[in-house]
2 protein chains.
Amino acid sequence: MTKTLYFEVGEYKQRLAKTKQSMNDKGIEVLIVTDPANMNYITGFDGWSFYVHQGLIIIIDQDEPIWFGRGQDGNAARLTTWLSEENIRAYTDDYVQSLIKHPMDYVSDILREKGCDNKVIATEMDTYYYTAKCQECLVNNLPNAKFKDGTNLINWVKIVKSSTEIDYIKKAAIIVENTMQKAFDSINVGTRQNEVAANVYHAQIYGTEEFGGDYTSIAPLLPSGIRTSTPHLSWTDEPYRDGDTVLVEIAGNYRRYHCPLSRTVILGNAPQKVQDLASVVVEGIAETLAFVKPGITAEDIERVWSKSIAKSGFIKDSRVGYSFGLNYPPDWGEHTISLRPGDKTILEPNMTLHFMPGIWLDDCGVDISEPIRITETGVELLTHYPRKLLVK
Amino acid sequence: MTKTLYFEVGEYKQRLAKTKQSMNDKGIEVLIVTDPANMNYITGFDGWSFYVHQGLIIIIDQDEPIWFGRGQDGNAARLTTWLSEENIRAYTDDYVQSLIKHPMDYVSDILREKGCDNKVIATEMDTYYYTAKCQECLVNNLPNAKFKDGTNLINWVKIVKSSTEIDYIKKAAIIVENTMQKAFDSINVGTRQNEVAANVYHAQIYGTEEFGGDYTSIAPLLPSGIRTSTPHLSWTDEPYRDGDTVLVEIAGNYRRYHCPLSRTVILGNAPQKVQDLASVVVEGIAETLAFVKPGITAEDIERVWSKSIAKSGFIKDSRVGYSFGLNYPPDWGEHTISLRPGDKTILEPNMTLHFMPGIWLDDCGVDISEPIRITETGVELLTHYPRKLLVK
């Protein structure tokens with residue numbers, strides 16, 4: 001079979017080695033990986049099959065992980081991973097959404113076969129596709145194993161990007177810039193919101209003449225009017241009206257690597273409150289980015305931001321950004337760095353952060369953001385879209 | 001605030017009453033609901049915020065459920081649900097993706113406040129966004145509660161659709177027919193796969209002149225060439241080649257209600273094996289649909305199908321369909337009825353099923369499906385797209 005692999009096998013093996021190092025540091029002998037992004041990161045596995053239980057079994061003294069999943073997805077593992085045939089283990093369809101058999105029963109059988117049923121096994125306890133039932137099955141089936149929490153273990157391995165990963169993120173950045181322009185061009189009084197969303201999707205997936213785009217892990221977020229008081233609403237099929245504020249939070253995606261970007265569009269005259277809010281955000285972004293460099297901590301960034309906006313009287317009571325990169329729905333954030341008090345992660349070159357200091361008040365909101373790469377000496381802006389309230 | 005509610009409040013309250021009836025039958029006093037489709041079904045809640053922990057607390061003797069979620073999503077609950085202000089409970093941002101505080105600690109506090117900490121509490125144990133950590137937190141925090149598994153309790157309440165729900169699904173059906181036509185028109189030798197995907201997304205969201213579309217719960221699945229040996233791959237940015245088979249599995253979505261549809265397109269001369277496979281599938285669909293009516297069971301459908309294809313020598317080793325309707329990523333299936341041996345659910349009018357007898361062999365595959373509604377006497381086809389191998 002002709003495989004589709006987007007990195008050299010050596011890069012996957014380096015990632016696996018780093019993961020095993022972290023497992024060793026934490027006293028973990030077996031790691032069950034169900035986060036689709038982590039599965040992709042280690043093996044290349046790609047496909048919209050995470051709606052059934054699937055994962056990797058990483059055994060610390062084995063060369064290759066074992067992929068497990070549904071029978072009909074076995075060929076997806078053959079086509080998109082570097083794993084050898086013996087490590088692709090597909091379960092029969094009667095395990096799917098059944099009340100009688102659970103895929104983790106199948107996984108337990110593999111763990112017994114490999115002599116791992118008395119080992120220290122870590123699971124991604126707080127990861128989307130690892131349900132309470134998964135853990136219950138494993139714990140019941142393997143009474144001699146010791147369980148640990150492996151949530152985010154691989155997420156932290158992912159935190160510094162390789163040169164190929166940065167290249168992919170920069171392609172995603174080109175896509176998101178083009179897409180933001182398409183959104184801006186499309187948002188007009190009388191145009192239905194869903195038509196703008198349709199154009200956004202088209203631009204995201206069309207990509208450029210040279211390379212195509214992939215689906216992003218969050219649908220285009222396009223709240224308008226009173227709906228801008230909250231960040232995570234999508235569109236309706238109502239037309240935009242004169243005076244509407246529209247929040248545009250989107251990403252580009254290339255080979256599962258994201259670049260997110262947010263802007264705020266106003267149709268007609270911006271209310272003074274929105275203008276004031278936007279000015280504060282734009283000034284805060286500039287002052288904060290001037291300060292960002294390797295060696296500072298995540299919470300340092302938030303502190304500079306908070307000091308900047310304190311002058312205005314506006315309050316931002318949520319984190320001002322997060323690490324991003326490789327991901328699958330429902331989130332493009334990596335669940336590692338959060339730019340907020342208490343996060344003492346020290347920034348290093350080739351970390352990629354979405355500096356996203358959106359403010360949502362009771363009756364309006366402003367989203368303006370910058371996706372950035374930490375460089376050897378400071379910060380690189382990944383996109384170059386006008387950083388201001390976009391009045392139309 | 002101007003609310004966006006897509007059903008009469010009375011319909012939401014009927015759904016809640018049915019849910020409480022089922023809770024009562026199962027001896028459940030409190031149900032924690034984290035499936036976004038179930039949250040929407042009971043309250044109307046909409047928004048792409050399921051990437052953080054959120055949910056409903058349904059207390060059997062309380063009139064309204066309690067919505068819990070992230071602070072910035074509280075206004076989404078105010079704008080999209082019928083709940084009163086006192087039942088919208090939003091947690092501070094330091095609960096988000098934190099190692100110190102978990103949103104289920106916040107939920108535990110609410111349960112204590114409501115005197116529910118010694119009740120029989122059911123959780124959706126095997127639902128996407130209910131992690132192992134969620135359950136661990138609740139169990140540790142509430143030692144006097146008794147826990148039960150409430151997986152799919154509301155999914156089964158959803159199984160028979162109301163007239164408004166059928167109306168929405170029929171609008172989604174119009175969208176998916178238009179979208180399938182767009183996909184067929186776009187798939188050409190030399191066209192990049194991602195351009196077809198871009199056109200599919202545009203058609204899905206543009207909808208019609210009269211009504212717009214919403215995002216579907218699965219990305220367009222468009223495997224081609226050797227990738228048709230497995231169903232859940234999306235696209236690449238390679239161009240289609242003469243002789244390629246392309247599987248198109250897509251849906252339309254209107255107000256979160258889906259209508260799925262699959263077809264197989266061949267560019268140029270179809271290999272005899274693919275032609276044979278398609279003939280078997282088309283004949284099997286016709287023979288099976290002629291048999292479907294209320295009163296038969298889900299497994300009866302599979303039996304008729306299996307008998308039909310047995311003549312050919314091809315084998316279908318996975319379920320041949322499932323219930324669909326309201327959903328959020330990552331799945332548009334409802335996790336209730338599966339058309340396979342052992343599923344003894346008796347069909348009733350206004351159940352909606354995706355009869356999807358795709359066959360994926362080692363080197364090729366054929367997807368041809370029909371979304372159907374069970375009527376008082378038989379079956380209604382929800383779409384009317386040519387049911388054949390689409391040779392181009």
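Just so you know, all these numbers are worked out from the coordinates, no wet-lab data involved. Just so it is clear, the model here is predicted, and its values are computed rather than measured. When we count neighbours, we look across all protein chains shown, and the Cβ atoms used for this are built from the backbone with ideal geometry, even at glycine.
Evaluated over region B:163-391, the count of Lys pairs having alpha-carbon atoms less than 23 Å apart is 18 (only pairs 8 or more residues apart or interchain). Using +1 at the C-beta of Lys and Arg and -1 at the C-beta of Asp and Glu, which of A:Asn152, A:Gly71, B:Ile205 has the Cα lying farthest in the positive direction of the dipole of the protein assembly as shown? Result: A:Asn152. When only Cα pairs below 8 angstrom with a gap of at least 6 residues are kept, chain B shows a relative contact order of 13 percent.
Please go through region B:282-329 and write out the trypsin sites (Lys or Arg not before Pro) that DSSP classes as loop and that have at most 13 other C-beta atoms within 10 Å. Provide the component values of the computation, followed by the final result.
Working: sites: B:Arg303, B:Lys307, B:Lys311, B:Lys316, B:Arg319; in loops: B:Lys311, B:Lys316, B:Arg319.
Loop-located and lightly packed - B:Lys311.
By DSSP, the beta bridges lying fully in chain A are antiparallel in about 75 percent of cases. Straight-line cross-link reach from B:Lys13 at under 19 Å between alpha-carbon atoms covers these lysines, not counting any fewer than eight positions away in the same chain: B:Lys3, B:Lys158, B:Lys161. With only Cα atoms counted, region B:163-391 has Rg and Dmax values of 16.7, 49 Å.
Label zone of A:Asp362 (point 7 Å out along Cα→Cβ, amide N under 20 Å): in region A:266-298 this covers A:271-278.
Net charge near B:Asp126: determine it from the other residues with C-beta under 11 Å of the C-beta of B:Asp126, scoring Lys and Arg +1 and Asp and Glu -1.
Values: positive: A:Lys133; negative: A:Glu136, B:Asp35, B:Glu124, B:Asp149.
Here the count lands on -3.
If contacts are Cα pairs under 8 angstrom and at least 6 residues apart, what is the relative contact order of region A:80-196 in percent? List each step's numbers first, then the result.
Values: 71 pairs, mean separation 21.9, N = 117.
Over region A:80-196, the number comes to 19 percent.
Take each residue of peptide A:71-81, count the partner chain Cβ atoms within 10 Å of its Cβ, and average: the result is 5.
Taking 19 Å as the straight-line reach from the Cα of A:Lys148, the aspartates and glutamates in range (excluding those fewer than 8 positions away in the same chain) are A:Asp25, A:Glu29, A:Asp35, A:Asp61, A:Asp105, A:Asp117, A:Glu124, A:Asp126, A:Glu136, B:Glu136. Overall, region A:163-391 carries a charge dipole of about 260 debye about its Cα centre when +1 sits on the Cβ of Lys and Arg and -1 on the Cβ of Asp and Glu, all other atoms neutral.
For the protein assembly as shown, take the convex hull of the Cα atoms, compute a quarter of its surface area, and give me that in nm², please. The partial results should precede the final answer.
On the way: hull surface 121.2 nm².
Over every viewing direction, the Cα hull of the protein assembly as shown projects on average to 30.3 nm².
State, as an integer percentage, the relative contact order of region A:163-391 based on alpha-carbon contacts under 8 Å between residues 6 or more apart. Each step should come with its number before you reach the end.
Working: 533 pairs, mean separation 50.5, N = 229.
Computed over region A:163-391, the figure is 22 percent.
When you look at the Cβ of every residue in A:192-203, what mean number of other chain Cβ atoms sits within 10 Å? Spell out each step's value before the answer.
Working: counts 5, 2, 8, 5, 1, 9, 9, 4, 3, 11, 10, 3.
Average per residue, whole number: 6.
Placing unit charges on each Cβ (+1 for Lys and Arg, -1 for Asp and Glu) gives the protein assembly as shown a dipole about its Cα centre, and among B:Ile59, A:Asn38, B:Gly243 the Cα reaching farthest toward its positive end belongs to B:Ile59.
Dividing the convex hull volume of the alpha carbon atoms of region B:9-157 by its residue count, what do you get in Å³ per residue? Could the numbers behind the result be given before it?
Values: hull volume 14.5 nm³, N = 149.
It comes to 98 Å³ per residue, whole-number rounded.
Averaged over the residues of peptide B:359-366, the number of Cβ atoms from other protein chains lying within 10 Å of each residue's Cβ is 2. Bridgeable lysines around A:Lys146 (alpha carbons under 22 Å apart, same-chain partners fewer than 8 residues away excluded): A:Lys20, A:Lys26, A:Lys114, A:Lys119, A:Lys133, B:Lys133.
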